[in-house]
Amino acid sequence: MPDILCCYKWVADEAYIRSGSGGDLDLSMADYKISDYDKNAIEEAVLLAEQHGGTAAVITVGLPDDTKGIKDALSRGPEKAYFINDPAFVDLEPAQTASLLAAAIASPIPYDIIICGEGSSDLYAQQVGPRLAEKLGIPCLCYVQKVELNGSELIAHRKSDEGLEVVKVSLPVLLTVVPDINNPRLPGLRDTLAAGKKPVVEFTAEDLPSIDTAALATTATKAATIKRNSRLFDADAAGIEELVQELKNSGAIA
Amino acid sequence: MDFKLTEEQELVKQNMREFAQKYVDPIAAEIDESGRFPAEVVAKLGEMGYMGMPYPVQYGGAGTDYLTYALAVEELSKSCAATGFTMSVHTSLALGPINNFGSEEQKKKFLPPLCQGKHLGAFALTEPGAGTDVSAATTTAVLDGDEYVLNGTKTFTSNGPVADTFVTFAWTDKSAGSKGMSAFIVPKDASGLRVGEHFMKMGIRASQTSEIIFKDCRIPKANLLGGEGSGMKIAMNCFDHGRIGIAAQAVGIAQAAMEESIAYAKERVQFGKPISKQQAVQWWIADMATDIDCARFLYMRAAWLKDQGLPFTKEASMAKVFGAEMCMKHSIKAVQIHGGYGYIKGQKVERLMRDAKITEIYEGTSEAQRMVIANNMLR
Ligand SMILES: Cc1cc2nc3c(=O)[nH]c(=O)nc-3n(C[C@H](O)[C@H](O)[C@H](O)COP(=O)(O)OP(=O)(O)OC[C@H]3O[C@@H](n4cnc5c(N)ncnc54)[C@H](O)[C@@H]3O)c2cc1C
């Protein structure tokens, strides 16, 4: 009966991000949500716990105000949440987040399987999962699209550019999952209302070893801009010839 | 003063939005065109716990406050006003009177299947000769041993052809004036109940509307709701909270009209630039956004008052009349922003404009709301 721990990130919903006057990102209108791939991670944790007995819990690093995310995550089926929060946890780097998660998990939080999304839907650095596994000293399998669990042995189907890789490991293990793995459930009304009554264990910066200072300096985050050089070509043989030449010149086609 | 929703309320809104995007948006145009009742969506709403939101858990409800329920109606109506209305007429007008006036036995018997969406409810008050003037009704109920015998014709009953449980109204003592009307719970298989004409409508076409005819319809005496003579009081109580649902529905329709308009105005190029760059269009959008906020705050206030146990009759009528009229006005503007394309089937705003009209009519016309408000102001 495995204990399954699932990591999620509470991110700005890109649907509400506007580009500000200076090309910067305006987050003032943004609603927050559970990072898309992390919804798959939560679903997989809950499915595995449902199929094999055991427990599913979530863990997240965030700001003290991010409590709606905890309820959202718990409404999706996990029975417990671990909430590492501090006002200082703003724009953490993947290495810092992984350190905090590892320290809290070592405190200890029981686990046999840790599941993360393949990357977050804001920065998509895809680092927290592998870094966390490294810090905990457990094997890490990324981009998993199917999981079979037999006792203490897990078979993961990994998606890669070359094809499908089927890997067998012994628990404990950390997986990062791709969206194909499942269809996250839509919480019912009762699940939403019950979420606030589930246990939440909090960790603050004081409870954990201090994290390394940021290694990266972010100079700016800008909205993507697309420059169009609208040129019209005539719809005749010469025009088409000209268009093809233009595309070749610009390197769009070889 | 606090304008913030609770985290639960925000999550319910968000989940209902996702539900509507997944299950309702894909069929909304089709069920409008065909007038088909989306039974599969209503069943799913029941499964997800949305068909008895504000009623106690012990009767199968979800035990939310009224505000949370109204927020869900707004979100659902944004995708399909007919489906939103099916949920709201069932919840406010059919379950409401049973919950508020039913005996313990009646609640235990009727509410659980209704709250779970296994049964659908309807509210049959209006008659061919009795619309705004409820007292002009002619349906009668006569006690015969252990049974009441109902005779009369109800019209415009929403959910009529698909309902399992009706709350209806009949005179038990015409001579007693407004104290002579009584309310009854009538199961659809009661002998002498017949679904009459099925109406074809301008809008909310997927909502099913019909006559309900009682001809020597016999129901157990135990189905009398709230004691003989309390029918008028029960009907008015239903309208008070039902109107919050209609106000929320109107806000949902208007919000959809505005979102469609903004997207279209940014895309449609005339005179070398998007029409959203024209000040005339910008002002229409500004007015839409302002009125929608006003209407939303009005229904939220009415729901909040109700949740606090404070009087809310006037405020519910204000929310309903303002919400309905701004919804009509701006859904017309939304078609205008779409120009000729807005007049063509398949554009969502064409449907929204037809759906908007009913909000000014049912659960008390705009004129009836003004009567309620004026009565309160001039007392
Ligand atoms: C699609 C649809 C669904 C409905 N669903 C239900 C339902 O589920 N259950 C149910 O019981 N009923 C239902 N109704 C009925 C609805 O509530 C009535 O149509 C409404 O109350 C108005 O009644 P009426 O149609 O008889 O209009 P009338 O009362 O005849 O009104 C006609 C016009 O006169 C105005 N008017 C009337 N009296 C006054 C006055 N004293 N002062 C000023 N103006 C006045 C009205 O505002 C209106 O403009 C539904 C109707 C429709 C169209």
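Readers should treat all values here as calculations from the given coordinates under stated rules, not as data from a laboratory. As the structure is a prediction and not an experimental result, all values here were calculated from the model. No Cβ is skipped: glycine too gets one built from the backbone with ideal geometry, and neighbour counts run over all protein chains shown.
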(request) Measure off 7 Å from each Cα along the Cα-to-Cβ vector at A:SER19 and A:VAL244, then give the distance between these two points in nanometres to one decimal. (result) 3.4 nm
(message) Give me, ordered by chain and number, the residues 5 or more places off A:CYS142 or on other chains with an amide H under 5 Å from its own placed amide H.
(response) A:THR176
(request) Quickly estimate the mean residue ellipticity at 222 nm for the protein assembly as shown, helices only: each DSSP H run with n ≥ 4 gives -39500 (n - 2.57), and the total goes over all residues, rounded to 500. (result) -13000 deg cm²/dmol
(request) Restrict the search to the range A:24-125; then list the GluC sites (Glu not before Pro) that DSSP places in a loop and that have at most 12 other Cβ atoms within 10 Å of their Cβ. (result) none
(message) At a threshold of 8 angstrom on Cα-Cα distance, excluding pairs fewer than six apart, so keeping six or more, what relative contact order does chain B reach in percent?
(response) 16 percent
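Exceeding 20 Å between C-alpha atoms, which entries from my cross-link table qualify? They are A:LYS227/B:LYS348; B:LYS188/B:LYS221; A:LYS197/B:LYS22; A:LYS39/A:LYS146; B:LYS273/B:LYS345.
A:LYS227/B:LYS348; A:LYS197/B:LYS22; B:LYS273/B:LYS345
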(request) Report the residues of the range B:208-243 in range of a label on B:VAL142: point 7 Å along Cα→C-beta, backbone N strictly under 17 Å from it. (result) B:214-221
(request) Take the alpha carbon atoms of the range B:19-59, find their center, do the same for the range A:11-70, and report the distance between the two centers in whole angstrom. (result) 26 Å
(request) Calculate the spin-label point distance for B:VAL269 paired with B:SER34, positioning each point 7 Å from the Cα along the beta-carbon direction, and give it in nanometres. (result) 3.9 nm
(message) Please return the longest range in chain B lying between exposed loop sites, taking chymotrypsin sites (Phe, Trp or Tyr not before Pro), DSSP loop only, at most 11 other beta-carbon atoms within 10 Å, and leaving the sites out.
(response) B:4-270
(message) Output wanted: per-residue J couplings in Hz (rounded whole) for the range B:80-92, from phi through Karplus 6.51 cos²θ - 1.76 cosθ + 1.60, θ = phi - 60°, x for Gly and Pro.
(response) 7, 5, 5, 5, x, 6, 4, 5, 6, 5, 4, 6, 6
(message) I'd like the Karplus ³J(HN,Hα) series for the range A:219-224: coefficients 6.51, -1.76, 1.60, θ = phi - 60°, whole numbers in Hz, and an x wherever there's a Gly or Pro.
(response) 7, 6, 10, 10, 5, 5
(message) How high is the relative contact order of the range A:3-207? Use alpha-carbon pairs under 8 Å, at least six apart in sequence, and give a whole percent.
(response) 25 percent
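Could you compute the FRET efficiency for A:ALA254 and B:PHE297, with r as their C-beta to C-beta distance and R0 at 45 Å, rounded to 0.05?
On the way: r = 59 Å, r/R0 = 1.32.
E(calc), rounded to 0.05, equals 0.15.
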(request) Arrange the following residues from fewest to most other Cβ atoms within 10 Å of their Cβ: B:SER366, B:SER207. (result) B:SER366, B:SER207
(request) With θ set to phi - 60°, apply the Karplus curve 6.51 cos²θ - 1.76 cosθ + 1.60 along the range A:3-10 and write out the HN-Hα couplings as whole Hz, x wherever there is a Gly or Pro. (result) 8, 10, 10, 10, 9, 9, 10, 9
(request) Considering only DSSP beta bridges where both residues belong to the protein assembly as shown, give the percentage that are antiparallel (nearest 5). (result) 60 percent
(message) With just the Cα atoms defining each centre, how far is the range B:347-379 from the range A:183-207? Give it in Å.
(response) 40 Å
(message) Given contacts defined as C-alpha pairs under 8 Å and at least six residues apart, what's the relative contact order of the range B:122-229, whole-number percent?
(response) 31 percent
(message) If amide hydrogens are placed 1.01 Å from N in the peptide plane, which non-local residues have theirs closer than 5 Å to the one on B:TYR55?
(response) B:ALA62, B:GLY63, B:THR64
(message) What distance in nm lies between label points placed 7 Å from Cα along the C-beta direction at A:ASN229 and A:THR213?
(response) 4.5 nm
